[in-house]
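> I have a structure here, written as structure tokens, and I will follow up with some questions on it.
Bear in mind that the values in this text are calculations on the coordinates, not laboratory data. What you see is a predicted model, and the numbers here were worked out from it, not measured in a lab. Here the Cβ is made from the backbone with ideal geometry for all residues, glycine too, and neighbour counts use every protein chain on show.
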Amino acid sequence: MASPDSSPLTVAVIGAGPAGMFFCHALERHRLELIEKNDETALANLPVVTVFERASGPGGVWRAAPSAVVEGSPDETKGIDGNMYEALWTNGPKEAIEFFDYTFDDHFGTGLPLPVYMPRRDILDYVIGRVTKRCPEFFEKYMTFDTGVQSVRFVEESKRFEIVTKQRNDGRVTTGYYDKCIWAAGMNGRAMVPISLKNVFTKGNFPGTTRHSSDTSNFEDDVKGKRILLVGGSYSAEDLALVAIKCGVAKVFVSARHANVVNWTSAWPYDRVEVLEDVVPVRVTEGGRCIQFAATESVEGVLKEDEVGDGDGDVLVQTKLRDIDTVIFCTGYSPSLDMLSDELRQAVNKHDTPVELPVPKDWKMSPNELSGVLGDIVPDGDTKVTGCIYPGLYCDSISIQNPGMMFMKFEFENPLFG
């Protein structure tokens, strides 16, 4: 917060998905509260926020690909470039994501029956309804669409962030300076296919179609009457397997590295789905007609990326599929961080391996609120931190090295709840 004698802080937000929208929504709620209190001093010191979004409208992952746009839907904006298939649904029940300040009854009407798992289009419409209910000009006020962030760096001399943006419509490049920067581009900003997996099909000269699950622009043509392989066993594979059945697929095979969502499904419509458990594609042979799979445990830690799919090696083939027409990689996403300088990106360098925490022999707990009740606590001799760790972030959000840089929100269990 700026002092009464200084100009308000300027804040740049990268991305107009749920995180970017909800940050501005929280600020707008606070602004309305200050108006009701007639607190002009606080109002004058509210930060000035600019949200940069490369797409032509809000929503992030909840926007559909161009082929899925329906007239009159929230997606219908000029130049849409969404990266998500139309069949996207929430990962969890709707009761877990209903907003306290804007209920489903407020948006959809009282008594309207809603599915337990909400479809993508309805979620997008609900999110937009929330932020515009009390501020109809919300997007005009905060958002700058069709504008991609090219680079972000922190200028030590001025203690400000230099942000270079480029407009999609005319290619105009602009440089601006801001006091704070918030990365809200989302964990699903970029389709991810492991290089080793790509090599399996490129080196084996697979003649069919290969796509990532986010690319469904020609989905019906890719699957109708065909035998398809979905690589990956999580939510995208489950969704697309069901959509493929609706589109008239002949047969769906799903290869899952480990037990996952598709393994939990005990029955599939019309028995058109077969799940290959605990295997990965390792080779394409017979002129591209045959895809070979090996047990996951036999591949992990054994083959290097440049060895997979070259036709050599001692990997024991566990199963084979022939005459597959389309392969869809349901292999997830990675965050889009390329616009940040190397220095700013360091905050989100993660550590996946367990970290041992050596405890000195003479260590004693400092007096605190609980020490009077619990006494001296002797730490366990085998103290480790497991899971995904971001040592450069405070509370998984704020850069420790540069507190003016914030990440919303970099790591969480269910990204679609974001």
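> Any lysines with Cα under 18 Å of the residue 361 Cα? List them, leaving off those in the same chain fewer than 8 positions away.
Filter leaves 384.
> Take the residue pairs 198/320; 198/246; 226/320 and return only those whose Cα atoms are more than 23 Å apart.
Beyond 23 Å: 198/246.
> Number of Lys pairs in the range 108-183 with C-alpha atoms less than 21 angstrom apart, excluding same-chain neighbours closer than eight positions?
Details: 133/141; 141/166; 141/180; 159/180; 166/180.
Pairs that pass both the separation and distance tests number 5.
> Could you rank the peptides 240-250, 363-373 by their average count of other C-beta atoms within 10 Å per residue, with the highest value first?
Numbers: 240-250: 18.8, 363-373: 8.7.
For the peptides 240-250, 363-373, the packing ranking is 240-250, 363-373.
> Between residue 373 and residue 350, what is the FRET efficiency for a Förster distance of 51 Å, r being their Cβ-Cβ separation, to the nearest 0.05?
So the FRET efficiency works out to roughly 0.90.
> Over 22 Å, how big is the tail of the calculated P(r) for the range 135-255, in percent of all Cα pairs?
Values: 4210 of 7260 pairs.
Counting pairs separated by more than 22 Å, the tail of P(r) holds 58 percent.
> So, one more: Collect residues whose amide H, placed 1.01 Å from N in the peptide plane, falls under 5 Å from the amide H of residue 276; neighbours closer than 5 in sequence don't count.
254, 255, 256
> Karplus couplings for the range 334-349 from phi (6.51 cos²θ - 1.76 cosθ + 1.60, θ = phi - 60°), rounded to Hz, Gly and Pro as x?
The phi angles translate into 9, x, 8, 10, 4, 6, 7, 5, 4, 4, 6, 5, 4, 5, 10, 6 Hz.
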